Amino acid sequence: MRITTANLQKLRDESNRITMLSCYDASFAALCEAAGVEVFLIGDSLGMVMQGHDSTLPVSMEDMIYHTRCVVRGSQRALVVGDLPFGSYQQSPQQAFENAARLMAAGAGVVKLEGGAIMAETVAFLVARGIPVMGHLGLTPQSVHTLGGYRVQGKSEEAAQRILQEARLLQDAGAAALVLECIPVALGKQITDTLRIPTIGIGAGPHCSGQVLILHDMLDIYPGKKARFVKNYMQGAGSVQEAVQRFVREVKDGSFPTPEYCFA
Ligand code: KIV
């Protein structure tokens, strides 16, 4: 039986931190699951780390379905989160439903989409039709061109309050959890303390209900520039398995992320 969004809620309610990694294939899925990872994100980051693009924008639904199927075949217990790629959900709730249903048919247990207030109607539409949704706020990579680059978000009081308000809207629309990317520690804490649903941070500080990293970053495989929040878990590890086990242990005991991986 796979982990469900209800299990994530229980982990959050019991202050048991959630471990999530991006994952794109069956072999890594099996290895990471054996190391204790609870949630796999089939992230559209695959456009960068698997396909060599310089952003996530070129990723297609077909790509996402292919990699979701691979991860589902390689795992038995982990919750599988399928990312809706750029252009596959922003047009209308109906468009989002059609594509989310394809990811669910490929084996995802949740779909993830980026954006705040503008996505609230779509989140409610999907949830009402049986599709659990994970939101994504802060640095939303599909909007890199309107954000003006990969930058920390929510630094001013006004921007922070806007993100907090959007988090509330997504929760009220029925989102099961939120990814918070690249925001100051204090804002990560404020959102986590305000919401009932789990928050999963990536560069959002140690107070989130869980942590996620991109697999190829934390294993130091990706040749591109690494963000400040990435810890190289291969350093000092004798094997990939050991590196992933250390990530799981450090998330669970709260020793990751330390301030050097956070934004003030
Ligand atoms: O695509 C992805 O891997 C993501 C993470 C950055 C959370 O969305």
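The values are calculated or read from the model by the stated rules, or taken from the named source; none is laboratory data. Just so it is clear, the structure is predicted and the values come from calculations on it, not from any experiment. Virtual Cβ from ideal backbone geometry, glycine too; neighbours counted across all protein chains shown. Remember, those area values only see protein heavy atoms, side chains included, never the ligands or the DNA or RNA. Shrake-Rupley method; radii C 1.70, N 1.55, O 1.52, S 1.80 Å.
Of Leu11, Val111, Ser143, which is farthest along the charge dipole of region 5-261 in the positive direction, counting Lys and Arg as +1 and Asp and Glu as -1 at C-beta?
Of the listed residues, the answer is Leu11.
Order Asp44, Asp54, Asp63, most accessible first, counting only protein heavy atoms with a 1.4 angstrom probe.
Listed by decreasing accessible area, they come as Asp54, Asp63, Asp44.
How far apart, in nm, are the 7 Å Cα→Cβ label points at Gln165 and Arg129?
Once both label points are built, they end up 2.9 nm from each other.
Please build a GNM for the chain, connecting alpha carbons under 10 Å apart, and tell me which residue among Lys225, Lys252, Lys112 fluctuates the most.
Greatest mean-square fluctuation among the candidates belongs to Lys225.
For every helix of n ≥ 4 consecutive DSSP H residues, a contribution of -39,500 (n - 2.57) applies; sum these over the chain, divide by its total residues, and give [θ] at 222 nm rounded to the nearest 500 deg cm²/dmol.
-11500 deg cm²/dmol
Quick one: among Ala128, Ala29, Ala120, which has the greatest mean-square fluctuation in a GNM of the chain with alpha-carbon springs under 10 angstrom?
Most flexible of the set in this elastic network: Ala128.
Please count, across the chain, the pairs of lysine residues with Cα atoms under 22 Å apart that sit 8 or more places apart or on different chains.
9
Using a cut-off of 14 Å between beta-carbons, work out the net charge of the residues near Asp220 (Lys and Arg +1, Asp and Glu -1, Asp220 not included).
+2
Which Rg and Dmax, in Å, describe the Cα atoms of the chain?
Values for the chain (Cα only, Rg and Dmax): 16.6, 48 Å.
Amide H neighbours of His136 under 5 Å, at least 5 residues apart or on other chains, H built in the peptide plane: list them.
Leu113, Gly115, Val179
In region 113-198, what trypsin sites (Lys or Arg not before Pro) fall in a loop by DSSP, with at most 15 other Cβ atoms inside 10 Å?
Taking region 113-198 and a limit of 15 other Cβ atoms within 10 Å, the loop trypsin sites (Lys or Arg not before Pro) found are Arg129, Arg151, Lys155, Arg196.
Which Cα, out of Met64, Leu126, Tyr233, lies furthest along the positive dipole direction of the chain (beta carbon charges, K/R +1, D/E -1)?
Tyr233
Taking the chain as a Gaussian network, where each spring joins two C-alpha atoms under 10 Å apart, which residue of Gln235, Gln153, Gln171 fluctuates the most?
The residue that fluctuates most here is Gln235.
Which value in nm describes the separation of the simple spin-label points at Tyr150 and Gln51, placed 7 Å from the Cα toward the beta carbon?
If labels sit at Tyr150 and Gln51, their model points lie 1.6 nm apart.
Which whole-number value in Å³ per residue fits the convex hull of the alpha carbons of region 167-264?
102
Cα gyration tensor of region 25-110, axes a ≥ b ≥ c as square roots of the eigenvalues: rounded (a/c below 1.5), prolate (a/b > b/c) or oblate?
It comes out oblate by the Cα gyration axes.
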